[in-house]
1. Taking the criterion of being surrounded by fewer than 13 Cβ atoms within 10 Å (Cβ to Cβ), touching a strand residue (DSSP E or B) at 6+ places or on another chain (Cβ under 6 Å) and part of a loop (DSSP other than H, G, I, E, B), would at least one residue in segment A:33-44 satisfy it?
2. Just to verify a result, which residue in segment B:20-33, among those that are in a strand (DSSP E or B) and within 11 Å of chain A (Cβ to nearest Cβ), is surrounded by the fewest Cβ atoms within 10 Å (Cβ to Cβ)?
3. Answer yes if at least one residue in segment A:65-76 is within 14 Å of chain B (Cβ to nearest Cβ), on the phi < 0 side of the Ramachandran plot, of a type in the set (Ser, Thr, Tyr) and surrounded by 21 or more Cβ atoms within 10 Å (Cβ to Cβ), and no otherwise.
4. Considering only residues of segment B:39-58 that are exposed (fewer than 14 other Cβ atoms within 10 Å of the Cβ) and closer than 23 Å to A:TYR86 by Cα, which is farthest from the other protein chains (Cβ to nearest Cβ)?
5. Looking at segment B:48-98 only, could you name the residues that are out of contact with any Pro (no Cβ under 7 Å at 6 or more places or on another chain) and among the small types (Gly, Ala, Ser)?
6. Which residue out of B:LYS17, B:LYS71 is more than 13 Å from every other protein chain (Cβ to nearest Cβ) and under 30 Å from A:LEU30 (Cβ atoms)?
7. For the subset of segment B:74-112 comprising residues that are surrounded by fewer than 14 Cβ atoms within 10 Å (Cβ to Cβ) and not aliphatic (A, V, I, L, M), which member is farthest from the other protein chains (Cβ to nearest Cβ)?
8. Does B:ASN84 satisfy being outside any strand (DSSP E or B) and free of Cβ contacts under 8 Å to residues at least 40 places away in the same chain?
Amino acid sequence: EDQVTQSPEALRLQEGESSSLNCSYTVSGLRGLFWYRQDPGKGPEFLFTLYSAGEEKEKERLKATLTKKESFLHITAPKPEDSATYLCAVPRSSNTGNQFYFGTGTSLTVIP
Amino acid sequence: EAQVTQNPRYLITVTGKKLTVTCSQNMNHEYMSWYRQDPGLGLRQIYYSMNVEVTDKGDVPEGYKVSRKEKRNFPLILESPSPNQTSLYFCASSLSSVNEQFFGPGTRLTVL
């Protein structure tokens, strides 16, 4: 069964304390893995797309990596403004096109 | 400004009273989608549309209808809302089914 699982559910970090978020997937024939950031009460905002194992992408304090079974979102020296829920998603092929599976997210709190 | 708009942003209604949530995008995107977001369950896809000619069910389509008569609009229709449809709803669009999605601001629906 196709699944996307994120861990941990919640993470509290001190400002400057680096860590990683995990997204594991079992979708066959990966057509991309997407990372989004979501602030409370707002729509998700796109961060990265990764297409093949070994690929890495960076944006400010965030770096996303991809293996054949999982993706990591590394946060280096986080700041309070990095506090948000981070979601990963994968498309799954259906009879008519592509559905999207989202993980339930990791809620990150960065304490000053 | 490139954006996805949804209306209304907030809606309180009663069981059985038909309602429509509108969604419009100005980016000439082919792929559009509706999601509901519930605590602990994450974002779940209700319906998606590959293009004007192709619309299909996502993971939680029961109780919802959609139509895609023109490229920019993708309304979500609840013919007979029930309390279990109380949720936060997001519309999203993307260039294609394997590109990053742009999300609307969300519609918070309460069905009494």
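The values are calculated or read from the model by the stated rules, or taken from the named source; none is laboratory data. Note that the coordinates shown come from a computational prediction; the quantities given were computed from them, not determined experimentally. Because the Cβ atoms are built from the backbone with ideal geometry, glycine has one as well, and the counts that use them run over all protein chains shown.
1. Of segment A:33-44, the ones surrounded by fewer than 13 Cβ atoms within 10 Å (Cβ to Cβ) are A:39-41.
Still in the list and also touching a strand residue (DSSP E or B) at 6+ places or on another chain (Cβ under 6 Å): A:39.
Filter once more, so that each one left must be part of a loop (DSSP other than H, G, I, E, B): A:39.
Yes, because at least one residue in segment A:33-44 is surrounded by fewer than 13 Cβ atoms within 10 Å (Cβ to Cβ), touching a strand residue (DSSP E or B) at 6+ places or on another chain (Cβ under 6 Å) and part of a loop (DSSP other than H, G, I, E, B).
2. If we filter segment B:20-33 for residues that are in a strand (DSSP E or B), which is where we start, we get B:20-25, B:31-33.
If we keep only those that are within 11 Å of chain A (Cβ to nearest Cβ) too, we end up with B:31, B:33.
Working: B:TYR31: 24, B:SER33: 26.
Among them, the one singled out is B:TYR31.
3. The first filter runs over segment A:65-76 and keeps only residues within 14 Å of chain B (Cβ to nearest Cβ), leaving none.
So far as segment A:65-76 goes, no, none of its residues is within 14 Å of chain B (Cβ to nearest Cβ), on the phi < 0 side of the Ramachandran plot, of a type in the set (Ser, Thr, Tyr) and surrounded by 21 or more Cβ atoms within 10 Å (Cβ to Cβ).
4. Once the filter is applied, the top-ranked residue is B:PRO39.
5. Once the filter is applied, which keeps residues that are out of contact with any Pro (no Cβ under 7 Å at 6 or more places or on another chain) and among the small types (Gly, Ala, Ser), segment B:48-98 yields B:SER49, B:GLY58, B:GLY63, B:SER80, B:SER82, B:SER87, B:ALA92, B:SER93, B:SER94, B:SER96.
6. Values: B:LYS17 fails: under 30 Å from A:LEU30 (Cβ atoms).
One residue alone meets the criteria, B:LYS71.
7. Restricting to residues being surrounded by fewer than 14 Cβ atoms within 10 Å (Cβ to Cβ) and not aliphatic (A, V, I, L, M), the top hit is B:SER80.
8. Details: outside any strand (DSSP E or B): yes; free of Cβ contacts under 8 Å to residues at least 40 places away in the same chain: yes.
So B:ASN84 passes the test.
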